[in-house]
Amino acid sequence: MKGAAAALRQSAVNLSTALAASIDALDWTRIGTELDAHGCATTGALLSVEQCEALAAGYGSDTTFRSRVVMARHGFGRGEYKYFAYPLPEVVAVLRTALYPRLSAIANRWSEMMGVASRYPADHASYLARCAAAGQTRPTPLLLQYGPGDYNCLHQDLYGEIVFPLQTTVLLSHPGRDFSGGEFVLTEQRPRMQSRAEVVPLVQGEAVIFPVHHRPVRGTRGNYRVNMRHGVSRIRAGHRYTLGIIFHDAA
């Protein structure tokens, strides 16, 4: 029994190490370029089918979550989601920790482009310490569940004064087989212009990286700041599960 338990622990360590290595091996130059140009970037399949299915299957248990939100009660749309409690599941923790250093470099560059004073440390633990000092200590990664007719209104994931400007969503379900509809949607409001929409197709296990609330856009007179929102279009059939990775904690 002890040998089997040790083997399982080692297997989990190996999977976590492999996931962190996969994140480090992404084409971060392309990702940065696409974020600058379009306000979003995709990673290709980042989680395995087994990891996706295990996370989605965990939605029915409350042991790893701190709260549940039914969206219709708050005017957020239709569907529901649950916020994970600390300690986060291993896959969620690795995603959050391994993605952050790469994204902090982009976030710092964007702050400079927008003339914003905020700068972000290179490691996530230091950033969470900053959140805690501001009274933001509740974890924000979440698991979202949608059924037929469900949707997520356009919104921004702001949970306090301290906000990391980029976040990530991972599609856990298989489009076309598990659900239809349910496209990930971004909108961008530029000053004195009509809003622009971006629909992002994803495959199972793929992540999309996008701004929480603002991003810089280069204009004829230099850089300016645009307002971003994201949501999910109506699910036509089936069930859709997604994992949200937000890097700041909540008050």
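With respect to TYR81, determine if the residue is farther than 27 Å from ASN223 by Cβ and in a loop (DSSP other than H, G, I, E, B). No; evaluated as a whole, the condition is false for this residue. Within segment 64-82, if we keep just the residues that are open to solvent by 20 Å² or more (accessible area, probe 1.4 Å) and in contact (Cβ under 8 Å) with a residue 40 or more places away in the chain, the residue that is farthest from GLU50 (Cα to Cα) turns out to be GLY75. Any residue in segment 27-41 that is within 23 Å of PHE184 (Cβ to Cβ), touching a Cys at 6+ places or on another chain (Cβ under 6 Å), at pLDDT 95 or above and in a loop (DSSP other than H, G, I, E, B)? There is no residue in segment 27-41 that is within 23 Å of PHE184 (Cβ to Cβ), touching a Cys at 6+ places or on another chain (Cβ under 6 Å), at pLDDT 95 or above and in a loop (DSSP other than H, G, I, E, B). Number of residues in segment 162-198 that are open to solvent by 10 Å² or more (accessible area, probe 1.4 Å), of a type in the set (A, V, I, L, M) and under 16 Å from the mean Cα position of the chain (by Cα): the value is 2. In segment 199-219, the qualifying residues are those that are β-branched (Val, Ile, Thr) and more than 11 Å from the chain's Cα centre (by Cα), and the one that is surrounded by the most Cβ atoms within 10 Å (Cβ to Cβ) is VAL200. Of all residues in segment 227-249, none are of a type outside the set (Lys, Arg), surrounded by 17 or more Cβ atoms within 10 Å (Cβ to Cβ) and closer than 16 Å to GLY115 by Cβ.
Scanning segment 89-129 for residues that are closer than 26 Å to ALA45 by Cα, open to solvent by 30 Å² or more (accessible area, probe 1.4 Å) and either among the aromatic types (Phe, Trp, Tyr) or in a loop (DSSP other than H, G, I, E, B) (or both) gives PRO89, ALA122, ASP123.
The values are calculated or read from the model by the stated rules, or taken from the named source; none is laboratory data. In this text, all values refer to a predicted model and were calculated from it rather than measured experimentally. All Cβ positions, even for glycine, are placed from backbone atoms using ideal geometry, and neighbour counts span all protein chains on display. Ligands, DNA and RNA are excluded from the accessible area calculation, which covers all protein heavy atoms including side chains. Shrake-Rupley method; radii C 1.70, N 1.55, O 1.52, S 1.80 Å.
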